[in-house]
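Here's the structure, in C-alpha cells; my notes come after.
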Amino acid sequence: MARKIEVLHTADRDSSMNLPYAPTIKVTGGSLFFLAGVTAFKVYHNHPHIESEFDDIPEGVSEQTRMAWENVKKGLEAGGGTFSDIVQVTRFLTDIDQQDELNEVWWEYFGDHRPGTATIEVSRLAAHPKLKIELSAIAVVD
C-alpha cells in the first residue's frame with residue numbers, strides 16, 4: 001500500500017488562520033522513521049562530550065534552528081525521505097518566548113506542509129548549556 005498522509009480538521013476550523021502545524025494527521029501505508037532529538041550540534045559526537053566541540057555553535061535561536069533542521073534533513077535523506085514526510089515534531093526550547101524565531105525558520109523547511117507539533121519549554125538541553133533548541137521528529141516514508 002502506498003503511503004497516504006491526510007490532514008484532518010475539526011468542525012470548528014477557521015481556515016483564515018495560518019498555523020505552522022496540523023491538528024490531526026491520518027497516515028496509511030509507508031514506513032515509520034523515528035528521528036532522535038537533534039540540535040545545532042553534530043549528530044555524531046563524542047560521549048562524554050568534549051567542551052571544545054561546542055565552540056562553533058551560534059548563539060541565536062534562528063541559526064541553531066537552521067542547523068538542527070539540516071541535521072534532521074540528513075536523517076531523512078538517509079532513508080529516502082523529505083520534510084513533506086514528517087508527520088510529527090516535538091520542539092524543545094530553553095526559552096519559549098523565542099518560539100517565533102523558530103517558526104520563521106520552520107517555514108523555510110516546511111513550506112505549505114504542516115506536521116503535528118508540540119512545543120515544550122525546558123530548563124536546559126542535555127548536550128550543552130549553549131544549546132537552545134532540540135527537535136525530535138516522526139516521518140512516514142514510502
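Averaging over all projection directions, find the projected area of the Cα convex hull of the chain and quote it in nm² with one decimal place. Before the final figure, lay out the partial values.
On the way: hull surface 37.2 nm².
The number I arrive at for the chain is 9.3 nm².
For residue 125, what is the net charge nearby, where nearby means another residue's Cβ is under 10 Å from its Cβ and Lys, Arg count +1, Asp, Glu -1?
Values: positive: 124, 130, 132; negative: 134.
Neighbour charge sum, excluding residue 125 itself: +2.
Any number yet on Rg/Rh for the range 27-108, C-alpha, Kirkwood?
We get a ratio of 0.99 for the range 27-108.
Just subtract the alpha-carbon distance of residue 26 and residue 121 from 0.36 nm times their residue separation and send over the number in nm, one decimal.
Numbers: separation 95, 0.36 × 95 = 34.20 nm, distance 2.69 nm.
My answer for the length gained is 31.5 nm.
Taking the DSSP beta bridges in the range 55-142 as the whole, what percent of them are antiparallel, to the nearest 5? If you can, show how the numbers build up before the last one.
On the way: 7 of 13 bridges.
Approximately 55 percent, going by the DSSP bridge assignments.
Note the angle between two axes, namely the Cα long axis of helix 99-110 and the longest principal axis of the Cα atoms of the chain, as a number of degrees from 0 to 90, rounded to the nearest 10.
Its long axis makes an angle of about 60 degrees.
How would you order 29-36, 103-110, 81-88 from highest to lowest mean count of nearby Cβ atoms within 10 Å?
On the way: 29-36: 14.2, 103-110: 16.2, 81-88: 19.9.
Going by the mean number of other Cβ atoms within 10 Å, highest first, we get 81-88, 103-110, 29-36.
Fewest Cβ neighbours within 10 Å first, please rank 17, 67 accordingly.
Working: 17 6, 67 20.
By the 10 Å Cβ count, ascending, the order reads 17, 67.
No value in this document is a laboratory result; all are computed from the given coordinates. Computed from a predicted model, the values in this text were never measured in an experiment. Neighbour counts run over all protein chains shown; Cβ positions are idealised from the backbone, glycine included.
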